[in-house]
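Here is the structure we will look at, set down as structure tokens.
Quick note: the coordinates plus some simple rules give every number you see, no bench work behind them. Every value quoted in this text rests on a predicted model; they were computed, and no experiment measured them. Glycine gets a Cβ as well: all are built from the backbone with ideal geometry, and neighbour counts include every protein chain shown.
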Amino acid sequence: RTQYPWLAGYQGASTDMPTSALKVEGTFPPALRGAFYRNGPARHEIGGVRYHHLFDGDGMIQRYDISEQGVTHRGVFV
């Protein structure tokens, strides 16, 4: 799948994602601080069987924290 990096979002996750620092290229405006939440599918297969539609994926809440130190990410299945 490295041939098509834009497909990375369709690979899915199999477990919760612990808090980790993300690489940021460039800078954020000084006033942009806080948390951004994303709710959507993250697991797209079970037992080697892929779901037939993107919206069938198991849900994950993702949190991105933006601060002066950088950006961190955590994802938890719901």
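In this simple spin-label model, placing a label point 7 Å from the Cα along the Cα-to-Cβ direction at both residue 6 and residue 46 gives a separation of 3.1 nm. Summary of packing: across the peptides 64-74, 26-36, the per-residue average of other C-beta atoms within 10 Å ranks them, highest first, as 64-74, 26-36.
Seen from a random direction on average, the alpha-carbon convex hull of the chain projects onto 6.4 square nanometres. Rounded to the nearest 20 debye, the dipole magnitude of the chain is 60 debye, with +1 charges on Lys and Arg beta carbons, -1 on Asp and Glu beta carbons, and the Cα centre as origin.
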